[in-house]
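I have placed the structure first, in the form of structure tokens, so that the comments after it can refer back to it.
The values are calculated or read from the model by the stated rules, or taken from the named source; none is laboratory data. On a predicted model such as this, the values are computed, not experimentally measured, just so you know. Ideal geometry is used to build each Cβ from the backbone, glycine not excepted, and the neighbour counts take in all protein chains shown.
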Amino acid sequence: MEWQTLATALFPQGHGITEDHDFLSGSAQVGTQTVAIIGTTGHTPIGVEIALKQAEAVLHTVRTHPQRPILILVDTQGQRLRHRDEMLGINSYMAHLGKCIDLARREGHKVIALVYDQALSGGFITSGLMADACYALPEATIRVMGLPAMARITKVELDLLVELAKENPVFAPGPENYARMGGVMAIWHEDLAQRLEQALAEADPVDHRSADGYARGGRKLAQPVIDAVLAGRHVLAA
Amino acid sequence: MNSYLESTARQRMQAMLDAASFEEFIGSSERIVSPHLAQLNAAVSFDDGVMIGRGKLDGHAIFCAAQEGAFMGGAVGEVHGAKLVGLLRRAVVERPAAVLLLLESGGVRLHEANAGLIAVSEVMRALLDARAAGIPVIVAIGGSNGCFGGMGIVARCANAIIMSEEGRLAMSGPEVIETANGVEEFDSRDRALVWRTSGGKHRYLLGDCQALVADDFDAFRAAILDAMSVYEHQSSALSLSALEQEQAMLKTRLARFGDATDPLQIWEHMGIADARQLPMLEAERFCAQVAPYRLGVA
């Protein structure tokens, strides 16, 4: 989806979002509050520059607009796969972005993410997945990598992966699977403006994803393992 | 055996901690294995490639995790990630002097990709929760699989990273980049280039790791204790001013070195005479030689 179309649906009261080399920033009105918008578009790969721009926008929001809610709009094909990015330490740039979002949460900013097109791998882990809650549109693509590439690397037959992917959310791309595993809080089918307002009202700084993944049947062992470590006892498996 | 590089996760844990002080949480005898590998006919491991627990380091009570590179490259699946999350959350409750993460990982385990991706982000948040609670998190990297992908990001969320020259820290591995964009982009068989790009020395020069040590346990231990001592007087939590400083450091790095095509050019640009010789120096001499030039020193 074009970000302009999305913005029109999300912000009926209007917005001041601008695009600069696939980097989105600005603010918009949601109900009675002003929300900071930070994100990417054009399925852009996340390289060192755009990771740093997003981080700068988060820090600017924390510095100049205390407690202003933040909406992260996610559309990326993943981290940029270039020697230059690795040489410059792209993992440090991405970790920095993740830490900035985490700081914002601790400073009292509600942080919501919305995957409105693509979300892949490293581009997603330090943006949408660092929010208090990450939502997705039904047509969004969320994955680590495609099944053919996965088959090549894991040396598992593609046919078997395709077959397993029908039943098991752990392989197959798609927002429903991420919702079953707790990584996506919910999928927004309609009334985007109202869903956003509700999400901001419900945002919670505690990470509930493993509990959600357990309750929804997509990750049945993560929560029992965490609980067992915490309690110093055996794992009570589902 | 005193080589960190050549040791297993279990050997590292034993060698690093005070004698007989290690107590494992959810040990291998519990046989909590990945629920996803069997259907792919892939072998499982009774600890899912990571051991976690508590022990003593030079008398200090610490929590510790060690990833096993020999099992699926130390990659993070559902159980593996949950063990790390559990350890970090328990640290907030029990308040050890530090959490030590001996990382060796290719990142997300593709056999359970979606669960692994979410798990790594849960580890990031749990790690930052521990830091916010005043528990410093120290990372050591010196295994042959390096520290890549999501775990390369997790490492940079910690308070300090100790690397050996043999350790590698990055995001995408050279093979992945070569597959995506060709051998002209990154020749994964050019081992010297691979080490210049992601090895401990380059990371140390840029300020992405806080200590570079020889490949032996005594050196790692000493550097970890040094790193821990910093947080006896300083908060381990993130702060706006520290992140603004990091923002400035990363911005300056991009401005100064963004046009470089080889790490060697960066080292020369930093003003290091005879930069070509750096890969040949052993750790101690290397550190002494680059001390005036190294970046990111607070």
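Please tell me if B:P279 is surrounded by 13 or more Cβ atoms within 10 Å (Cβ to Cβ), away from chain A (no Cβ under 14 Å) and under 28 Å from B:W195 (Cα atoms). So B:P279 fits the description; yes. The requirement of being surrounded by fewer than 14 Cβ atoms within 10 Å (Cβ to Cβ), in contact (Cβ under 8 Å) with a residue 12 or more places away in the chain and either in a helix (DSSP H, G or I) or of a type in the set (V, I, T) (or both) is fulfilled somewhere in the stretch B:18-35, by at least one residue. Taken over the stretch B:202-229, residues that are within 25 Å of B:R253 (Cα to Cα) and not acidic (D, E) amount to 12. Residue selection: B:L103 fails the criterion of being touching a residue at least 24 places away in the same chain (Cβ under 8 Å), at the interface with chain A (Cβ under 9 Å from one of its Cβ atoms) and not small (G, A, S). Taking the numbered list (1) charged (D, E, K, R); (2) over 27 Å from B:F257 (Cβ atoms); (3) touching an Asp or Glu at 6+ places or on another chain (Cβ under 8 Å) in turn, A:R63 passes all entries but (2). If you go through the stretch B:183-232 and keep only what is among the small types (G, A, S) and away from every other protein chain (no Cβ under 14 Å), you end up with B:A211, B:A214, B:A219, B:A222, B:A223, B:A227, B:S229. Just one of A:I125, A:I72, A:I112 is hydrophobic (A, V, I, L, M, F, W, C), in contact with a Ser or Thr (Cβ under 6 Å, 6 or more places away or on another chain), more than 10 Å from chain B (Cβ to nearest Cβ) and at negative phi; which is it? Only one candidate qualifies: A:I72. All of (1) touching a residue at least 60 places away in the same chain (Cβ under 8 Å); (2) within 11 Å of chain A (Cβ to nearest Cβ) hold for B:I138 with one exception: (2).
Pairs are defined by a Cβ separation below 7 Å, a sequence spacing of at least 6 or placement on different chains, a first member in the stretch A:202-218 that is more than 9 Å from every other protein chain (Cβ to nearest Cβ) and in contact (Cβ under 8 Å) with a residue 12 or more places away in the chain, and a second member that is surrounded by fewer than 18 Cβ atoms within 10 Å (Cβ to Cβ) and part of a loop (DSSP other than H, G, I, E, B); the pairs so defined are A:Y214/A:K220. Among the residues of the stretch A:72-85, at least one is more than 30 Å from B:G182 (Cα to Cα) and modelled with pLDDT of 95 or more. Do the conditions hold for A:T61, that is, is it without any contact (Cβ under 8 Å) to a residue 60 or more places away in the chain, touching a helix residue (DSSP H, G or I) at 6+ places or on another chain (Cβ under 8 Å) and not charged (D, E, K, R)? Criteria met by A:T61.
Screening B:E244 against (1) part of a loop (DSSP other than H, G, I, E, B); (2) surrounded by 12 or more Cβ atoms within 10 Å (Cβ to Cβ) leaves a single unmet condition, (1).
Within the stretch A:58-102, the residues that satisfy the criterion of being among the acidic types (D, E) and farther than 30 Å from A:Q29 by Cβ are A:D85, A:E86. Screening B:G116, B:G73, B:G53 for residues that are assigned to a helix (DSSP H, G or I), under 29 Å from A:H208 (Cβ atoms) and either within 11 Å of chain A (Cβ to nearest Cβ) or of a type in the set (G, A, S) (or both) leaves exactly one candidate, B:G116. Look through A:E176, A:E190 and report the one residue that is of a type in the set (D, E) and within 12 Å of chain B (Cβ to nearest Cβ). Of the residues listed, the single one that is of a type in the set (D, E) and within 12 Å of chain B (Cβ to nearest Cβ) is A:E176. Among the conditions (1) over 20 Å from B:A97 (Cβ atoms); (2) without any contact (Cβ under 8 Å) to a residue 40 or more places away in the chain; (3) out of contact with any Pro (no Cβ under 7 Å at 6 or more places or on another chain), the only one that B:F186 does not satisfy is (3).
Selection of the stretch A:1-20 for residues being under 16 Å from A:A113 (Cα atoms), of a type in the set (G, A, S) and out of contact with any helix residue (DSSP H, G or I) (no Cβ under 9 Å at 6 or more places or on another chain) yields only A:A7. Taking A:A172, is it under 29 Å from A:P224 (Cα atoms) and hydrophobic (A, V, I, L, M, F, W, C)? Considered against the rule, which asks whether it is under 29 Å from A:P224 (Cα atoms) and hydrophobic (A, V, I, L, M, F, W, C), A:A172 comes out as yes.
Give the residues of the stretch B:169-182 that are in a helix (DSSP H, G or I) and within 7 Å of chain A (Cβ to nearest Cβ), sorted by residue number. Even if it seems obvious, please write down each step before you answer.
Residues of the stretch B:169-182 that are in a helix (DSSP H, G or I), as a first pass: B:174-181.
Once the filter is applied, which keeps residues that are in a helix (DSSP H, G or I) and within 7 Å of chain A (Cβ to nearest Cβ), the stretch B:169-182 yields B:V176, B:I177, B:A180, B:N181.
Between A:V58, A:V62, the distinction of being more than 7 Å from chain B (Cβ to nearest Cβ) and more than 23 Å from B:G107 (Cβ to Cβ) belongs to A:V58 only. In the stretch B:40-68, the residues that are under 16 Å from A:I226 (Cβ atoms) form Cβ pairs under 7 Å with partners that are surrounded by fewer than 21 Cβ atoms within 10 Å (Cβ to Cβ) and among the hydroxyl-bearing types (S, T, Y), at six or more places apart or across chains, as follows: B:D47/B:S28.
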